[in-house]
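Right, one structure below, let's go through it.
The values are calculated or read from the model by the stated rules, or taken from the named source; none is laboratory data. Keep in mind that what you see is a predicted model, and the values were worked out from it rather than measured. Positions of Cβ are backbone-derived with ideal geometry, glycine not excepted, and every protein chain shown enters the neighbour counts. For accessibility, only protein heavy atoms count, side chains too; no ligands or nucleic acids. Shrake-Rupley method; radii C 1.70, N 1.55, O 1.52, S 1.80 Å.
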Amino acid sequence: VSEDRFLELAPIAALGALDEPERVDFERHLPACASCRAELESHERVVSLIPLAWAAVGPSTEVRRRVVGRRSSTSAASWIPLAAAALTIVSAVLLLQMRSERNLAVEDAAAARAETARLTQQQSEIRRELALYQAGFTQARTIQALVVRSESRFTRLSGQGPQPQSQARVVWDPKSREAILVASGLHAAPAGKAYEVWVIARGAPVPAGVFQPDQSGLAVVQLRAVDEITSVKTFAVSVEPAEGVPAPTGPIVLAGSAGP
Ligand SMILES: [Zn+2]
């Protein structure tokens, strides 16, 4: 194996079949390298015999076109055996094939990388979906546990003002302060807005969570555990800035008494 990568280009250069950037590099390298000059010279002598050896090899029309365009100025050197000429041409053609296969391998690698990226993407989408399912499952278990607990209380919230079609249920455990609100029939919140849940006991409404309904207008919201829920009188939902606010400012869309 030669350290001089230009040496292996010599037969291709003699055939006039180098890529333009390679040809420029090779010709820049030649004046400084006697062995490449000698190699090129010997291959050029061989190339001059190509008309004689051509029929035995039959390279592609592209190689033929390039070679034929080049050979006319070279004089035939009849002392080189025809077999050697044929051999050199065969090796040059093989080199050309190897180079194009190498380029194909580079394309294969790019395709493999693209496929890997696609699979990685798919995998992370599946993981995200799985995480959503798991969150949904956990939430379902939490609701189930809360619903069957003997301490739990329930109430119904009805649609108010701008959204009479909406309704909701809240189930909560005054001891553990866990609470879940399930709302349906809600419109999508206006841009930059969200729905905020309020727990109202004796004093001012206390924020218990911000949510967005899904496309069907449904929302299942695990409420923030707040002390006021131990003596809650009213649950309410209003339209507020999406990040939530400490006290209600927007229109109330759902409200319901927590009962006695
Ligand atoms: Zn060299």
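Summary of values
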| quantity | calculated |
| --- | --- |
| Enumerated strands (runs of 3 or more DSSP E) restricted to the range 163-260, each holding at least 2 residues that are closer than 20 Å to Ile143 by Cα | 167-172, 179-184, 193-200, 206-211, 219-222, 234-241 |
| Options Gln165, Gln144, Gln139; residue that is open to solvent by 20 Å² or more (accessible area, probe 1.4 Å) and under 22 Å from Gly244 (Cβ atoms) | Gln139 |
| Answer from Ser184, Ser150 - the residue that is at pLDDT 80 or above, among the polar types (S, T, N, Q) and out of contact with any Leu (no Cβ under 6 Å at 6 or more places or on another chain) | Ser150 |
| Tally of residues being within 17 Å of Asp173 (Cβ to Cβ) and under 18 Å from the mean Cα position of the chain (by Cα) across the range 104-151 | 0 |
| Residue among Arg37, Arg23 that is in a helix (DSSP H, G or I), within 14 Å of the ligand (Cβ to nearest atom), surrounded by fewer than 16 Cβ atoms within 10 Å (Cβ to Cβ) and without any contact (Cβ under 8 Å) to a residue 40 or more places away in the chain | Arg37 |
| Residue that is nearest to the chain's Cα centre (by Cα) [pool: residues in the range 207-260 that are hydroxyl-bearing (Ser, Thr, Tyr) and open to solvent by 30 Å² or more (accessible area, probe 1.4 Å)] | Ser216 |
